[in-house]
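Contents: one structure, followed by commentary.
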Amino acid sequence: MRGTAPVPSGAYARASRSLHEAPEPPVPSGAYARASRSLHEAPEPPVPSGAYARASRSLHEAPEPPVPVWVRLLGLVVVGAVALSACGGAAEHAPDLSSSQAVSFPSRDGVELEGRLFGRGTTAVVLSHMLPADQRSWFDLAGRLADQGYLVLTYDFRGYCPGGDGGCSAGERDISSIWQDVLGAVDLVRSRGATSVVLVGASMGGTASLVAAGQQGQDIEAVIALSAPASIEGLVADPSLLQRISAAKLFVAGVGDASAADAAEELYAMSPPPKRVEIVPADDHGSDLLTGPQAEVVKRLIETTLARYAPA
């Protein structure tokens, strides 16, 4: 091996450096500095002003040609299109609801809810929305699963009334009671011929799905929770409830959504098998995971869980 030369230190180091480093020239100061600068710096020409300035500019600047009207109109069209896409692009990605039907049904405690049914089949998927959303956040996934042979239900929790295709559920918003809305949704799909049911929920919808699955007498094949908290405003999925859920469980969250990722790990730890937790490289929360950079990964996680535990 080739040895490394020792690094000089102390006075010897300073002497060594002086052999190799040329001294920097002193910085001139005072009148000498001004004189020195004047030898090297050419004076800036005076800035023309007034009529002379205008004449000077006219010698060097060619007049800009007028912009054709069609160019200005095209620019307005482009700006308008960008503005519309920035507002969400709803028109561009409007889901096809022609094969779905609006439905209404009661929650277990009698609140009238509205939703939409997609597809046909004996295996049903109930999709429960998150706090700042409504059933429309599920329409794209509902259509995709319906095309795979599932009967799919989206619906609005009590007190949510987006109107139009989004429906309008009655009652006041009461997060502590929305698990009874999930059970009402289960009752509806069973009345439409479903023999197997999977619950999928985003954020509070995931917590509500877990609480519903943990009630006595429920026969649920699987529960899939996207960014679900262990508790939110009186809705609690505690260890004793989770231990009663014999269904398969999938907990998904984004690594950048720290509190949701922690909750997914916590719910996984408290739950009996079969269970799985997936923390994906994303910052999105709840059903926003289905439209973010890991959308296809999350959709495939849902679909593989369905195919394994509740095939169409």
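Dipole magnitude for region 100-309: about 740 debye, using +1 per Lys or Arg Cβ and -1 per Asp or Glu Cβ, origin at the Cα centre. Think of each Lys and Arg Cβ as +1 and each Asp and Glu Cβ as -1; about the Cα centre, that makes the dipole of region 186-247 roughly 120 debye. Could you grab the relative contact order for region 155-312? Cα pairs under 8 Å, six or more apart, rounded to a whole percent. Averaging sequence separation for qualifying contacts and normalising by length gives 18 percent for region 155-312. Please label the shape of region 100-309 as rounded, prolate or oblate, based on the square roots a ≥ b ≥ c of the eigenvalues of the alpha-carbon gyration tensor (a/c under 1.5 means rounded; beyond that, a/b larger than b/c means prolate, else oblate). Rounded, because the longest to shortest axis ratio a/c is under 1.5. Dividing the alpha-carbon radius of gyration of region 124-177 by the rule-of-thumb value 2.2 N^0.38 Å gives 1.17. Considering only 287, 274, 252, and ranking their Cα positions along the charge dipole of region 234-291 that arises from unit charges at the beta-carbon of Lys, Arg, Asp and Glu, the one farthest toward the positive end is 274. Judged by the gyration tensor of its Cα atoms, with axes a ≥ b ≥ c, region 155-236 is oblate; a/c meets the 1.5 cut and b/c is at least as large as a/b.
With distances taken between every two different alpha-carbon atoms, region 89-202 has a Kirkwood hydrodynamic radius of 13.8 Å. A simple rule links phi to the HN-Hα coupling: the Karplus curve 6.51 cos²θ - 1.76 cosθ + 1.60 with θ = phi - 60°, which for region 202-209 gives 9, 6, 4, x, x, 5, 4, 5 Hz, with x for Gly and Pro. DSSP assigns beta bridges within region 100-309; of those with both partners inside it, close to 35 percent run antiparallel.
Only the coordinates and a few stated rules stand behind these numbers; no lab work does. In this text the structure is predicted, and so the values were computed from the model without any measurement. Heads up, the Cβs are rebuilt from the backbone with ideal geometry, glycines too, and the neighbour counts pull from every protein chain shown.
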